[in-house]
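Here's the structure, in structure tokens; my notes come after.
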Ligand SMILES: [Zn+2]
């Protein structure tokens, strides 16, 4: 921080004082914040308030002035406050801490957020801390890749139109949709087979599967970036214009019907999502590429490789968070109390299994912090395996290169996760990421899988013989 302040023009002594002030404020704010585990409970983080109630919660902040600066429809008078006690603490700090410190704090955040888009000295200094120090990264990505990432973030759907033209064919889309269909059928089968779940709860679960939407490849209608000004001025100004444009676009949604055609990821993203508030899955063209998906590959490879994607995202609809949303995406209970208890008992076993993993000496995974992702990883492998069996029912599958179809399914699953983490990155991820590190995203699910043990002749008992899905 002190180095960045110096680059911004502060004398070294003033920069050091500024850094100390920011650190002190950040520490106080962090102490008033919930942990990652606490933030995973959707009900406990949902507090709908009238805007007029905010001054009582955090009196030190001029809320009306704040809202007056935003292009909000006059009809919007309610807010969701995730952590009321944080705002209480913030209100206190705004009064107790010197105004000069708050100014320094805001200056710091402006510099922190823009450093990557300023001159070389800022870029290098930001990299030195956030990447080299915190993650152990030894080298910056080439500049064109960093600029490409900024373009993706600002005008991702314009970029996406160029991307899908060369990378995603209608036949690839048809094949992916067929795989999704078998996955949905497999998930229905897992619900049917869940002996611990009552029939009335199952009936709603089927409805949730039947009404789940799937987006594959790229949007039907592309986003319109009219009004976003990009020109040959300073790079950082274009980045800031992109960010302001996006904020206005988000705020303009208020008071309007939900746009169910919107994509929350760009087509070129090598990732996927399940969105519980929309009950939808999305698989961008960027992840429907080798090694995750190859139109020309056989089913054992495609189903194994997409276990971490289609199986995983689908299972999110039924993990410890996703299961709390109904088929329309409302946070509304639809489980019987008994079923909730039995679900939670099983979820505890998943947490216990992952708590035991120790990526670095003395550093264990936090099974509750990563619970939703672990449930989706474990359940996802199961659902994809069953989908593979449904898709290949009645077909005679031959070994390839000396590996049986089941072996190749699991190999493809593991190969999708070929990743090396430096110790610094592992430490950072274990304390701050809701996902387990890649190695345990493979080891955890297969440790629970009798068919994996049979395929590779493992004699050890399964880690958790009481799965959720
Ligand atoms: Zn996930």
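The values are calculated or read from the model by the stated rules, or taken from the named source; none is laboratory data. Since we're looking at a predicted model, the values are computed, not measured. Positions of Cβ are generated from backbone atoms using ideal geometry, with glycine treated the same way; all protein chains shown enter the neighbour counts.
Values as computed for the structure displayed
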| item | result |
| --- | --- |
| Number of the exception - residue 282 against (1) away from the ligand (no atom under 16 Å from the Cβ); (2) assigned by TED's automatic domain parsing to the domain that holds residue 328; (3) not in a loop (DSSP other than H, G, I, E, B) | (1) |
| Residue among 288, 237, 254 that alone is surrounded by fewer than 22 Cβ atoms within 10 Å (Cβ to Cβ) and part of a loop (DSSP other than H, G, I, E, B) | 254 |
| Flag if residue 341 is surrounded by fewer than 13 Cβ atoms within 10 Å (Cβ to Cβ), more than 16 Å from the ligand (Cβ to nearest atom) and assigned to a helix (DSSP H, G or I) | yes |
| Qualifying positions in the range 370-380 - surrounded by fewer than 24 Cβ atoms within 10 Å (Cβ to Cβ) and either more than 13 Å from the ligand (Cβ to nearest atom) or within 20 Å of residue 412 (Cα to Cα) (or both) | 373 |
| Breaking point among (1) under 22 Å from residue 190 (Cβ atoms); (2) modelled with pLDDT under 95, for residue 310 | (2) |
| Any hit, the range 345-359, residues being in contact with a strand residue (DSSP E or B) (Cβ under 8 Å, 6 or more places away or on another chain) and more than 16 Å from the ligand (Cβ to nearest atom) | no |
| In the range 319-338, the residues that are touching a helix residue (DSSP H, G or I) at 6+ places or on another chain (Cβ under 8 Å) and outside any loop (DSSP other than H, G, I, E, B) | 322, 323, 331 |
| Count of residues meeting criterion [exposed (fewer than 14 other Cβ atoms within 10 Å of the Cβ) and either outside any loop (DSSP other than H, G, I, E, B) or touching a strand residue (DSSP E or B) at 6+ places or on another chain (Cβ under 9 Å) (or both)] in the range 182-201 | 4 |
| Sole residue being touching a strand residue (DSSP E or B) at 6+ places or on another chain (Cβ under 9 Å) and modelled with pLDDT of 95 or more, chosen from 235, 206, 218 | 218 |
| Output for the range 137-181, where each listed residue is part of a loop (DSSP other than H, G, I, E, B) and either within 19 Å of residue 220 (Cβ to Cβ) or modelled with pLDDT under 95 (or both) | 168, 169 |
| Qualifying positions in the range 353-363 - in contact (Cβ under 8 Å) with a residue 24 or more places away in the chain and exposed (fewer than 15 other Cβ atoms within 10 Å of the Cβ) | 360, 363 |
| Pairs where the first residue, in the range 191-220, is farther than 28 Å from residue 287 by Cα and the second is surrounded by fewer than 13 Cβ atoms within 10 Å (Cβ to Cβ), C-beta under 9 Å, 6+ apart | 196/345; 196/466; 198/338; 201/338; 202/192 |
| The range 262-292, residues that are modelled with pLDDT under 95 and out of contact with any helix residue (DSSP H, G or I) (no Cβ under 6 Å at 6 or more places or on another chain) | 290 |
